[in-house]
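The values are calculated or read from the model by the stated rules, or taken from the named source; none is laboratory data. Since we're looking at a predicted model, the values are computed, not measured. Ideal geometry is used to build each Cβ from the backbone, glycine not excepted, and the neighbour counts take in all protein chains shown. Remember, those area values only see protein heavy atoms, side chains included, never the ligands or the DNA or RNA. Shrake-Rupley method; radii C 1.70, N 1.55, O 1.52, S 1.80 Å.
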Amino acid sequence: VTARLDPFQRLDLRLNVDPGVAFYVINEQKQKLYAEAGYDFQHDVRSDSAIAYQADGTPVYDAQGRLVPLSHTRTTHAVRLAGGYTNKLVEAVSFATDLEYLQSLQERVRWRLNWNTSLSTLLVSKLSMSATFTLRFDNDPLPNVQHLDTITSINLVYRFF
């Protein structure tokens, strides 16, 4: 279960529930390769600025000239396929990547692709540094919203336990 605020997608909330099964092709201490399949329930709560446009980005008006907004929420039921690989290259360095494909069961044109990759290194004791890249592609976003969103970050991580 995940919940996030995404102002770039003009969403006040994106809630995902993803039950499924995983199969580990490689399940060793130093590396793991896995595949997952399951169901994805997604509930979007759109921001007020996102709900008054048609698919081509033009506002929607009724016969009296009043703005007719899109629905404030959208629920999608989808099939979820995912896979990932992690490798502890040496004692202090690890690499991880995963790819997820979500295909709507309601509309063929509605699908998403998510990719995450990271490289982490232990600096001292419980302090690590991680460089990550995230790609999110939505084939059916809200009007005036880009299909592709990427995030690149460098993080300092401290483990308490």
| message | H77 - would you say it is open to solvent by 60 Å² or more (accessible area, probe 1.4 Å), in contact with a helix residue (DSSP H, G or I) (Cβ under 9 Å, 6 or more places away or on another chain), in contact (Cβ under 8 Å) with a residue 12 or more places away in the chain and under 26 Å from N144 (Cα atoms)? | response | no
| Does V109 satisfy the condition of being β-branched (V, I, T), exposed (fewer than 11 other Cβ atoms within 10 Å of the Cβ) and within 25 Å of L15 (Cβ to Cβ)? | yes
| field | Selected residue [within 30 Å of P19 (Cβ to Cβ) and under 18 Å from the mean Cα position of the chain (by Cα)] from R108, R74 | value | R74
| field | Scan of region 4-21 for residues that are surrounded by 11 or more Cβ atoms within 10 Å (Cβ to Cβ) and of a type outside the set (D, E, K, R), ordered by number | value | L5, F8, Q9, L11, L13, L15, N16, V17, G20
| (1) among the hydrophobic types (A, V, I, L, M, F, W, C); (2) free of Cβ contacts under 8 Å to residues at least 12 places away in the same chain; (3) surrounded by fewer than 13 Cβ atoms within 10 Å (Cβ to Cβ): which one isn't true of L67, the others all being true? | (2)
| query | Only one of Y24, Y85, Y101, Y61 is of a type outside the set (S, T, N, Q), within 16 Å of the chain's Cα centre (by Cα) and either open to solvent by 50 Å² or more (accessible area, probe 1.4 Å) or farther than 21 Å from R136 by Cα (or both); which? | reply | Y101
| said: Six or more apart or on different chains, Cβ atoms under 6 Å: show the pairs whose first residue is in region 137-161 and more than 22 Å from R10 (Cβ to Cβ) and whose second is assigned to a strand (DSSP E or B). | reply: I154/A131; N155/S130; L156/M129; V157/S128; V157/S130; Y158/L127
| said: For L127, only one of the following conditions fails: (1) open to solvent by less than 80 Å² (accessible area, probe 1.4 Å); (2) within 27 Å of D18 (Cβ to Cβ). What is its number? | reply: (2)
| said: So, V93, is that one open to solvent by 60 Å² or more (accessible area, probe 1.4 Å), hydrophobic (A, V, I, L, M, F, W, C), farther than 26 Å from D149 by Cα and at pLDDT 95 or above or not? | reply: no
| Looking at this structure, is N114 surrounded by 15 or more Cβ atoms within 10 Å (Cβ to Cβ) and over 20 Å from R136 (Cβ atoms)? | no
